[in-house]
Structure formats: C-alpha cells, structure tokens
Amino acid sequence: MRILAAMSGGVDSAVAAARAVEAGHDVVGVHLALSRAGGTLRTGSRGCCTIEDAMDARRAADLLGIPFYVWDFSERFRDDVIEDFISEYKAGRTPNPCLRCNEKIKFAALLERAIELGFDAVCTGHYATLVDGSEGLELHRASDNAKDQSYVLGVLNAEQLAHTYFPLGSTPSKALVRAEAAERGLSVAQKPDSHDICFIPDGDTRGWLAEKVGAEQGEILDREGEVVGTHDGAHAFTVGQRKGLRLGVPAPDGKPRFVLEVRPVTNTVVVGPKEALAIAEISGERFSWAGAAPEASELDCEVQIRAHAEPVPARAFVTDAGVRVVPDEPLDGVAPGQSAVLYVGTRVLGQFTIDTTISAVPVGA
C-alpha cells in the first residue's frame, strides 16, 4: 500500500513508520505543525508538535530512507480542537482534546488530504488493533492494556477505519517498542511520552482558561441551593474536584465536599458529598459507530468514560435521538462533555458525548 505515516517526533510513530517500511509498503512521512508559534520548545514530557518534535521526526524519516514533509494544520487545529475546547468549557462541559484531535485532524483533515494524494492509508503510532469481522473492519483494544488507546479512537467511523494502519497494536508492551527503536538506531528510543494538553505545555489549564474565557466571580452552592462560598470563574472547576474550593461554610457532617455540577449560564458551581458523584445513568445525542452499527436498539456492553478508566458492564439503549446507558454499578465523577466509549469484549462499538447525568443519590438523601 501507499502509506502516509503521521510522525509526531515520538518513539511510537517512528517505530510504526519503520514497521510500515519493513512490511514493504511505499511510505511517506509527514509531521503536522499544529501551532503557529513555530519556535515553541519542549519541556521534558510536556508539550508536543514543537520544533524539537519536528526535527526528531525528520531524523527518523532520514534514517528510514523515506520522504518527509511538514504540513501546516495549525488553522484547522485552532478551529476544531482549541476553539472547541474553549467553547466546551464555556458551556460547563469537560472535553477531551486528544479525542477531538483524532476525530477532526489526524483521521479527518489528514486522512482526507492523504486520499486526495493517492495514499491508501494513514499510519500512526496508536496502540489499537483492527480486525476483519463478519460485518467489516472492527476496532479493538491493543494487546498492551496499559497503553491501549482505543478510547481516544472511538470516534472513528467505518470509512476512516478502512484507511488506517496501526502497526503497534499487537505489541505486548511499550518497553519492547523502545527496545526496537534502540535496535533500529532511532534517536527517540528513550524520549519521554507527552502528557497533559499539548497546547497548554506548562500544565496550567486553569490559568490558560482564565485568559481565554475570562474570570468572573460567582457563587458556590450546596445541593439544596444554599450559598457556601464564592469563586473567581466557574470555568476553572471540573466535576469531582475537591481541592481549591475555598468554602466558607463547612458541611453539616464535617466531611469534604466535591464539585458536582458547573452551571456556566448562572456562573455557579454546585458542591456536595462524595457519594453524590455516583452516577446511575448517562446519555448523549452526539454519537457514532466504529464500524457496523449494532442491529439491536438495546444491548449489553461495557462503558468507559475516561482514557484510563476501568470499563463497567452496562445496558445501552439506542434511538435516533441518541444513546442512554445504565451501568450495572454507578460511575464515579462523570462530567458532561466527556466521551463515553462502548465496548463488547475488546471491540469498540462506538462513542457518544455525555450531555446528561443522573446521580445515584437523590438530593436530600
């Protein structure tokens, strides 16, 4: 196949490209410039898509003997990922920018251009596997559960899966990938993995949001609507947060309180006991299937609400209007805006953005 290898400058994408070359494919490497600040520097494991990353990707491509290009996707990244992140926080939701980047950039904008240029597939260093099923291509978890990235790939549809290539999915561990990189002479063999949000390299999400969204003082309420404190901007809070609340009124039972809800329209934050974070039901209107859609409108599955959360057995109810999921056990700390990915065994069925949550603990209980 003609393969376009997305090379981030990290060890995973470098080894993935190397395996594609070794498999006999016609491979071209490309690094995505996602920031207009071309001189941005990397700080250890913080940040990605920096000038150092582009240089690391070029060195890997040179070693592999493949053509290499840098494509400017910064405008698309700003519109589809950064602005989406800001607007979601303004709406009181907690988005996943990595998932949105996969959906809008790597497997939409990049894949579209790749197909236009005659490539058969885009190759990435994601840890996930593709399986030929009875009804078409299926997306499955990687062999290494610790590195599995199928959650952030749950937004891919059947057409996108047909043009993807994940050479690392069957690798038992990341240590083996690093060892292989060293054997191949790749300089990124011991390069730290990127953490946090790539466009907030200093990790100060609250400060970054305050600058982008603006800070306005508001009230912190308990579940009964009583004022128990004030804040400097509702956008700075996320569901499940305990620290930094600065509450002026202690809970009647003296126990810590947690953020239960963020209400951007009224600029208020609702807090309550840890027990109230237990969620008995989630639902959302924006959903997609990773491959063939299930025939049944009700199905047993597992639901995962964060990239590294444990999947929970559940019952899903599917209609034209959206998806509703009732877990066998309450989910902990779910925030609107998160993605819920549905699995059957290792297979990814699809995903939806959580719009509504129902607490397992009624107010006053």
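The values are calculated or read from the model by the stated rules, or taken from the named source; none is laboratory data. Remember, it's a predicted structure, so these values are computed and weren't measured experimentally. A quick note on method: Cβ atoms are made from the backbone with ideal geometry, for glycine too, and the neighbour counts reach across all protein chains shown. Areas reflect the complete protein model, heavy atoms only, side chains present, ligands, DNA and RNA absent. Shrake-Rupley method; radii C 1.70, N 1.55, O 1.52, S 1.80 Å.
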Net charge within 10 Å of residue 231 by Cβ-Cβ distance, Lys/Arg positive one each and Asp/Glu negative one each, not counting residue 231 itself? -2
Compute the signed sum of charges (Lys and Arg +1, Asp and Glu -1) over the other residues within less than 15 Å, Cβ to Cβ, of residue 133. -2
With Cα atoms, 0 to 90° folded angle of helix 51-64 axis to the chain main axis: 30 degrees
How about residue 174: which lysines have a C-alpha closer than 17 Å to its C-alpha, ignoring those fewer than 8 places off in the same chain? 147, 191
Using +1 on the beta carbon of Lys and Arg, -1 on that of Asp and Glu, and nothing else charged, what's the dipole of the chain about the Cα centre, debye to 20? 940 debye
Can you tell me the 0 to 90 degree angle between the C-alpha axis of helix 174-184 and the longest principal axis of the chain, rounded to 10? 30 degrees
Send over the semi-axes of region 122-262's equivalent ellipsoid, whole angstrom and largest first, taken as the square roots of 5 times the C-alpha gyration tensor eigenvalues. 43, 20, 16
Report D for region 197-245 in µm² per second (integer): Stokes-Einstein, Kirkwood Rh on Cα pairs, 10 °C, 1.306 mPa s. 131 µm²/s
Using alpha carbons only, how many degrees (0 to 90, rounded to 10) separate the axis of helix 11-22 from the longest principal axis of the chain? 30 degrees
Gaussian network model of the chain, springs between alpha carbon atoms under 10 Å - residue of 135, 298, 310 with greatest fluctuation: 135
Specify which residue in the list 107, 359, 27 is farthest towards the positive end of the charge dipole of the chain, using unit charges on the beta carbon of Lys, Arg (+1) and Asp, Glu (-1), about the Cα centre. 27
Could you tell me which of 307, 330, 319 has its Cα farthest along the dipole of region 307-348 towards the positive end, charges placed at Cβ (Lys, Arg +1; Asp, Glu -1), taken about the Cα centre? 319
With residue 105 itself left out, Lys, Arg at +1 and Asp, Glu at -1 over residues whose Cβ is under 14 Å from its Cβ give -2
Report the Stokes-Einstein translational diffusion coefficient (µm² s⁻¹, integer) for region 108-198, Rh taken as the Kirkwood radius over Cα pairs, at 4 °C with viscosity 1.567 mPa s. 89 µm²/s
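How much accessible area per residue does the chain have, in Å², with a 1.4 Å probe?
46 Å²
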For a protection proxy built on the mean count of beta-carbon atoms within 10 angstrom, sort 253-265, 19-31 highest first, please. 19-31, 253-265
Any idea what the relative contact order of region 63-217 is, in percent, if you count C-alpha pairs under 8 Å spaced at least 6 apart? 20 percent
In the chain, if every C-alpha pair distance is counted and binned at 20 Å from zero, what percent goes to each bin? 27, 54, 18, 1
